[in-house]
Structure formats: C-alpha cells, structure tokens
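The values are calculated or read from the model by the stated rules, or taken from the named source; none is laboratory data. Computed from a predicted model, the values in this text were never measured in an experiment. Don't worry about glycine lacking a Cβ; one is built from the backbone with ideal geometry, like all the others, and counts go over all protein chains shown.
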Amino acid sequence: MDLELPHLLITERLRLRPFVPADAPVIFARYTQDPEVTRWLTWRPHASLADAEAYLGRCAQSWASGTELAWAITQPPDDKPWGAVALRPDRHQAALGYVLARSQWGQGWMTEAVQAVVERTLALPPMYRVWAVCDVENGASARVMEKVGMNREGRLRRFIVHPNRMEEPRDVFLHARVR
C-alpha cells in the first residue's frame, strides 16, 4: 500500500527517520540484544551484529514494498537510534509497533514518537484506524497507547506468542484510535 507518509518526522525533541545500514551496531548495542527490552516483543534478542544487520535489511525491503514503515527514533544532533516505531498499513487501517532502549524509558520519548506517527497516519485520506496490542502485563506500553488517544477496545485471548516470556500464546489488550 502506498501511503504518502514522510520518511522524516520531526517532533519537538525527536527526529524519526528510516534506518540505514550504519545503524546496525548502534541498535545492537543499545537495545536489540537486551532481553529486558525484548521481553514483550515477538522476536528474540539479537545474538549478534549480523542479526541487527539482517533486521535492517528487512526494514529496507519492507519500506520499499510499503508493507511496513519503520522509523528509527533519534535525537539531534547525533541522530543515532535508540528505538523504533513501525507501521504496517492494510487498506483503511494500520497496525503499530514500537521498541525503545531501556536507558531511555520513562522520559516520554515513545509517547512523543508514537503520537507523531499516529497523527500523521490518521491525517491521510484512506486511513481511518491505527491499532496496536500489548501484553496484559505490559502496563508501560498500555500507558503509551492511552496517552496518544488510543482506546482500549478489548482483550484478545491467547493472541500473540512472546517468545521471551513463554512459547504459548498470551492474552493482549487491543487499543485503537480512529478518525
């Protein structure tokens, strides 16, 4: 799907941009290998720099095909990523996901980044809904979604496997913001 979302999103404190290959060592060091950061994600911590490089290759392919737009969360002036927001468009709606380095938790960065992506997405004529899920035990993620105006719509039972927690599907809360 060809959404006319900008490659660069600027907020009051952040710069969101597509990943580049040179980001691999930075994201590996800052968050992709951290088991605490990946605790609630659907992928395991990266075991090597090669894992991070492969991930960035998939990000570039997905951006080119329009199946997923992944922005690196950076802050001027160094422009080095310490998180990501990804959007997966599907007709009139888009699924949202995000990750942030543990050293940056609790500072409002993710709320600011997610707010920018949600608002820009819902401003596009074909888009009416942005949604995301979080594990029922992941209160921090639920708070991010609530702060950006996403409403909790329900609980999806045994919906997603978080392999860093257990191999069985876990319950999640579904949040969405609609236009």
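Comparison of 55, 31 shows that the only residue that is in contact with a helix residue (DSSP H, G or I) (Cβ under 9 Å, 6 or more places away or on another chain), among the aromatic types (Phe, Trp, Tyr) and closer than 25 Å to residue 139 by Cα is 31.
Would you confirm whether or not segment 100-109 contains a residue that is touching a strand residue (DSSP E or B) at 6+ places or on another chain (Cβ under 9 Å), within 19 Å of residue 17 (Cβ to Cβ) and without any contact (Cβ under 8 Å) to a residue 24 or more places away in the chain? Yes, there is a match, as at least one residue in segment 100-109 is touching a strand residue (DSSP E or B) at 6+ places or on another chain (Cβ under 9 Å), within 19 Å of residue 17 (Cβ to Cβ) and without any contact (Cβ under 8 Å) to a residue 24 or more places away in the chain. Could you tell me which residue of segment 2-40 is surrounded by the fewest Cβ atoms within 10 Å (Cβ to Cβ), considering only residues that are among the small types (Gly, Ala, Ser) and more than 15 Å from residue 70 (Cα to Cα)? Across segment 2-40, the extreme among qualifying residues is 22.
Checked against (1) at pLDDT below 95; (2) closer than 27 Å to residue 75 by Cβ, residue 103 passes all but a single condition, namely (1). Once segment 68-96 is narrowed to residues that are of a type in the set (Lys, Arg) and outside any strand (DSSP E or B), the residue that is modelled with the highest pLDDT is 80. Restricting 165, 158, 170, 91 to those that are farther than 27 Å from residue 13 by Cα and without any contact (Cβ under 8 Å) to a residue 24 or more places away in the chain reduces the list to 158.
Out of curiosity, is residue 124 assigned to a strand (DSSP E or B), among the hydrophobic types (A, V, I, L, M, F, W, C) and surrounded by fewer than 19 Cβ atoms within 10 Å (Cβ to Cβ)? Answer is no for this residue. Take the residues of segment 162-179 that are assigned to a strand (DSSP E or B) and under 17 Å from the mean Cα position of the chain (by Cα): which is farthest from residue 137 (Cα to Cα)? Ranking the candidates gives 177 first. A Cβ distance below 7 Å, combined with a sequence gap of six or more or placement on separate chains, defines the contacts here; from segment 16-44, residues that are more than 13 Å from residue 84 (Cα to Cα) reach residues that are β-branched (Val, Ile, Thr) in the pairs 42/160; 42/161; 44/38. Restricting attention to segment 123-161, the residues being over 15 Å from residue 88 (Cβ atoms) and of a type in the set (A, V, I, L, M) number 10.
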